[in-house]
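The values are calculated or read from the model by the stated rules, or taken from the named source; none is laboratory data. Just so it is clear, the model here is predicted, and its values are computed rather than measured. Here the Cβ positions follow ideal geometry from the backbone for every residue, glycine too, while neighbour counts run over all protein chains shown. Just so you know, the surface numbers come from the protein's heavy atoms only, side chains and all, with ligands and any DNA or RNA stripped out. Shrake-Rupley method; radii C 1.70, N 1.55, O 1.52, S 1.80 Å.
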Amino acid sequence: MSRYLPFKYSEKQAIVFMGIQASGKTTFYEQMLLDNGYVHISLDILHTRSKEDLLLMKCLENGESFVVDNTNPEVSVREKYIKKAKEYGYQVIGIFFQSKVKDCMRRNEQRGLKVPQKAIACTSNNLQLPSLEEGFDELYFVSININSKFKISPWRK
């Protein structure tokens, strides 16, 4: 997969992923961001909001850059991360994973930890496009092309 990122790693950088289950978020983190020093904040790993809040606050207090790797489908869900990051002087980057429900359902069937198909459809129905007005400093689209490579594009309305 391509290692091109349209932004450079810097201290105090928060990246908020948005996208339905099996749209490539965690794979993108592992292939594109893990080696750059971003702390991985994911409910799939942490399992509770309490643990997530503790790790988020640890990052903010220590000035560590991090990635919030959850579906974050709605503006109201993303607001928590954006507001906290801004309070601590972070640059906030949003990455929206474009996908088709049928493609995500197919990828979901190929992974170890499957989510119910109904959950994928429900998240898709609740998915709200992000905007700079939410507080993002930069926004990008990510899609998976035919060769299973990530394509990163600048945000367009």
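Only residues that are in a loop (DSSP other than H, G, I, E, B), touching a residue at least 24 places away in the same chain (Cβ under 8 Å) and over 22 Å from residue 76 (Cα atoms) were counted across segment 106-157, and they come to 5. Of the listed requirements (1) open to solvent by less than 70 Å² (accessible area, probe 1.4 Å); (2) under 17 Å from residue 27 (Cα atoms), residue 82 misses just one: (2). Residues considered: 154, 130. Of these, the only one that is open to solvent by 20 Å² or more (accessible area, probe 1.4 Å) and farther than 22 Å from residue 37 by Cα is 154.
Within segment 41-52, residues that are surrounded by 13 or more Cβ atoms within 10 Å (Cβ to Cβ) reach partners that are part of a helix (DSSP H, G or I) and basic (Lys, Arg) with beta carbons closer than 8 Å, at six or more positions or on different chains, in the pairs 43/49. Of the strands (runs of 3 or more DSSP E) lying entirely inside segment 14-100, those containing at least 1 residues that are within 18 Å of residue 131 (Cα to Cα) are 66-68, 91-97.
Pairs linking a residue in segment 4-28 that is more than 27 Å from residue 120 (Cβ to Cβ) and of a type in the set (S, T, N, Q) to a residue that is in a strand (DSSP E or B) and open to solvent by 10 Å² or more (accessible area, probe 1.4 Å), with Cβ atoms under 8 Å and 6 or more positions apart or on different chains, are 10/91; 13/91. Has segment 83-105 got any residue that is in contact with a strand residue (DSSP E or B) (Cβ under 7 Å, 6 or more places away or on another chain), free of Cβ contacts under 8 Å to residues at least 60 places away in the same chain and not charged (D, E, K, R)? For segment 83-105, residues in contact with a strand residue (DSSP E or B) (Cβ under 7 Å, 6 or more places away or on another chain), free of Cβ contacts under 8 Å to residues at least 60 places away in the same chain and not charged (D, E, K, R): absent.
Every listed requirement among (1) under 19 Å from residue 139 (Cα atoms); (2) out of contact with any Ser or Thr (no Cβ under 9 Å at 6 or more places or on another chain); (3) hydroxyl-bearing (Ser, Thr, Tyr) is met by residue 9 save one, (2).
For residue 69, the stated conditions hold: it is of a type in the set (Asp, Glu), surrounded by 14 or more Cβ atoms within 10 Å (Cβ to Cβ) and under 19 Å from residue 9 (Cβ atoms).
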